[in-house]
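This report concerns only the one structure given below.
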Amino acid sequence: MPGDSRMTSPHTAEPAVTTGPSRPPQPPAAGTASRLAWLDVLRGVAALAVVFNHFGYFLPPVVKNSVYQWINPGDYGVFVFFLISGYIVPASLERKGSVRTFWVSRLFRLYPLYLLAVTIAVALYMAHVGGLRGEDGDPETSILSQMLMMSNVLAGQNVPNVVWSLSYEMIFYLLLTALFMARVHRRSSRYALGFAVAAVAIGGVLPQAYLTNNLWSPRVIALLADLAVLTGLAVAVGLRGMPRLVGGVLAAMVGLILMAFNGTWLFPWEALSILALMFTGTMLYRAEQGQYSWRRAIIIAVAVVGFAIAAGLWHHNPGNVSAHAEFVWNRVWFMSVFVAGATFAIGMALRHLVWPRFLTWLGLISYSVYLLHPLLIEFYRYLPWTAHHSFWIQVLVDAVFLVALIALCSATYLLVERPMQNVGRRLAKWLDARFGPDRVQLRVRAPEPVLVHSTD
């Protein structure tokens, strides 16, 4: 899952400003002391959890079965990713103060690797290694549904399969844009609690794929949604004054409507819980920056996690399953949400530690790990020696896969992700120089000597 882990670029923090006699820099010998390195560590953990979830076919059954009795690693991993995105992405937008720079940054942060992943998936399909999950049956509709990374709310089949989460990242970005231009973006705690309450109150009655199933064909819905979102963003980025606010609100409303009424395999209560977790991450960022009371932030964060758990336990319909199977599902959902929240809380509590470099590196390449591991699994499963061995031989084979994955993703980060992020930064600077900055003027409050309790 994407998310910047510094304020000036995606992965390291700004250098601290010091006073007094200058001293030669002392690089850490065994770790990284960046003030946001803990986010990279969490992203690496989350990415490996998602890999574990999809790599289950190759894991020794005793390991796989023991884990899945208690927690779903995939759900856990993406929930941690969503909390991280909520924490850092709004901070990036607010620091820059520019909607145009924000979207240029997002474009060059997400799309190059996304397009590479889709291209590899198509190439593997043409080589008869893996499939396209039915997307080859109607290529035009597939392109329209995936063009804005919103396939999971536009009746797409998600290629690769993990890109479903990008639909909710994109909706979050659209919401942030509208809230920022309307100057109501600091009310993160209200949005977190509001989406959490909605997940419990109406998450079980909102329909799935209603627009696609009852109004028009998937192609028409995807075309109209793409046009509306692109038009809204173009107006928000390119114009000034009230029109840009109208454009931002239009794009955000389309995203919310699709999330509420046209999700495919993700239930509305899950989607609402995801947005609640993301705004919770934003609220915790404000608390860490001294903009919001820690006591209130912790209370609301615990409440949001509780509501997300309750939404799943209440609205999940297990069908005709045994009481034991239903009990296991309830336990797994509870643990997946609870442990994700606890992981983020522990990361925040330990944010000042020096972290080993290999852990922060996993965070740097986590987007590549997230997008590319399903494709490597497709290739891996065609090799004759990858499964059905004794326990320790299977562990060795799995370790070989992990090493190959990290090597591949290190290469794509260095050759694709980082260079394209640099291109995005240069383009944003050029646009500022060519057309002038498009900073949104926000109301500035006088500094207060104590924590502010009313800005979130």
With Ala222, Ala201 as the choices, which residue is surrounded by 24 or more Cβ atoms within 10 Å (Cβ to Cβ), closer than 18 Å to Phe261 by Cβ and not polar (S, T, N, Q)? Ala222
Go over the candidates Tyr111, Tyr125, Tyr173, Tyr168 one by one and state the one that is modelled with pLDDT of 95 or more and surrounded by fewer than 18 Cβ atoms within 10 Å (Cβ to Cβ). Tyr111
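Residue-by-condition table, conditions (1) assigned to a helix (DSSP H, G or I); (2) at pLDDT below 95; (3) surrounded by fewer than 23 Cβ atoms within 10 Å (Cβ to Cβ):
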site	(1), (2), (3)
Val237	yes, yes, yes
Met242	yes, yes, yes
Trp265	no, yes, yes
Ile274	yes, no, no
Leu284	yes, no, no
Look at Ala311 and say whether it is more than 30 Å from Tyr111 (Cβ to Cβ) and of a type outside the set (S, T, N, Q). yes
Which residues, taken from segment 57-72, are touching a residue at least 40 places away in the same chain (Cβ under 8 Å) and assigned to a helix (DSSP H, G or I)? Tyr57, Phe58, Val62, Tyr68
Restricting the search to segment 286-316, which residues are buried (at least 17 other Cβ atoms within 10 Å of the Cβ) and charged (D, E, K, R)? Arg286
Spot the failing condition for Val254; the list is (1) more than 22 Å from Ser92 (Cβ to Cβ); (2) among the β-branched types (Val, Ile, Thr); (3) open to solvent by 30 Å² or more (accessible area, probe 1.4 Å); (4) assigned to a helix (DSSP H, G or I), and only one is missed. (3)
Every residue in segment 329-366 that is closer than 29 Å to Phe307 by Cα, open to solvent by 50 Å² or more (accessible area, probe 1.4 Å) and among the β-branched types (Val, Ile, Thr), please. Ile346
Looking at (1) part of a helix (DSSP H, G or I); (2) more than 16 Å from the chain's Cα centre (by Cα), find the lone condition where Ala49 falls short. (2)
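The values are calculated or read from the model by the stated rules, or taken from the named source; none is laboratory data. Given the structure is predicted, the values throughout are model-derived calculations rather than measurements. No Cβ is skipped: glycine too gets one built from the backbone with ideal geometry, and neighbour counts run over all protein chains shown. Protein only, heavy atoms only, side chains kept; ligands, DNA and RNA dropped before computing areas. Shrake-Rupley method; radii C 1.70, N 1.55, O 1.52, S 1.80 Å.
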